[in-house]
Amino acid sequence: TVFFETLHLLHRQHIEIPSYYRLSTLITQHYLGYEGELLKIIDKNLSLENRTELNSLLNTGKSRKKGTLAHFCIINQSSKPKAIQASLKIFNQLKECFLSLLPVIGVLKLSPQSCDYYAVWIKKAKLSQIKQISDKNKRFLHLIAFIQNQFYLAQDAYVDILLKCVQSSK
């Protein structure tokens, strides 16, 4: 909406509207500059312990093909006691990861839209695609945003579960 309103304003003021190529170049340059700043923040503020923890999310165990990251992708919204217990076990792992990354998350100050953008990319990507990201800081950025996003989504889901349980007990 803002973009189209800007175009209408330019048109009403008889100001030349930039070409598609020029607009796409400006947007791409701004996006890459913003991402570059985020990568610098990660390089400067992410501890070795955090890097090891994030890399361990991509490791696969002998018994499963998917890594630890796959467990964090799905939020079980069942209100059955055993499902809640299993879900809370996974949530506690996610919470530990989130709390260890909290200082970096605070410095990054990702907007909800940016966080969602990187998190959705992680959700849709295969583990091999994530591992193939050559710039480690970029991989860490995606993983941090994913952890942050999933932590908030899981909290919302658990509040919904609590409300369902209270409502059903009434």
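So the values come out like this:
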| item | result |
| --- | --- |
| Yes/no for residue 111 being closer than 26 Å to residue 31 by Cβ and either open to solvent by less than 80 Å² (accessible area, probe 1.4 Å) or not aromatic (Phe, Trp, Tyr) (or both) | yes |
| Those residues of region 122-138 which are free of Cβ contacts under 8 Å to residues at least 60 places away in the same chain and more than 9 Å from the chain's Cα centre (by Cα), in sequence order | 124, 125, 126, 128, 129, 132, 133, 134 |
| Pairs with Cβ under 7 Å, 6+ apart, first in region 55-72 and closer than 20 Å to residue 134 by Cβ, second at pLDDT 65 or above and of a type in the set (Lys, Arg) | 58/131 |
| Residue among 31, 21 that is open to solvent by 40 Å² or more (accessible area, probe 1.4 Å) and farther than 24 Å from residue 134 by Cα | 21 |
| Cβ pairs under 8 Å, 6+ apart, first in region 157-170 and in contact (Cβ under 8 Å) with a residue 24 or more places away in the chain, second open to solvent by 90 Å² or more (accessible area, probe 1.4 Å) | 157/77; 160/77; 161/77 |
| Selected residue [under 21 Å from residue 48 (Cβ atoms), under 16 Å from the mean Cα position of the chain (by Cα), modelled with pLDDT of 90 or more and not acidic (Asp, Glu)] from 145, 119, 154 | 145 |
| The one condition in (1) closer than 16 Å to residue 138 by Cα; (2) loosely packed, with under 10 Cβ neighbours inside 10 Å; (3) not hydroxyl-bearing (Ser, Thr, Tyr) that residue 4 fails to fulfil | (1) |
| Matching residues in region 150-161 - criterion: being open to solvent by 20 Å² or more (accessible area, probe 1.4 Å) and of a type outside the set (Phe, Trp, Tyr) | 153, 155, 156, 159, 160 |
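The values are calculated or read from the model by the stated rules, or taken from the named source; none is laboratory data. The model shown is predicted, which means the values in this text are computed figures rather than measured ones. As a convention, Cβ positions derive from the backbone with ideal geometry for all residues, glycine included, and neighbour counts pool all protein chains shown. Accessible surface is based on the protein model in full, side chains and every heavy atom, while ligands, DNA and RNA are left aside. Shrake-Rupley method; radii C 1.70, N 1.55, O 1.52, S 1.80 Å.
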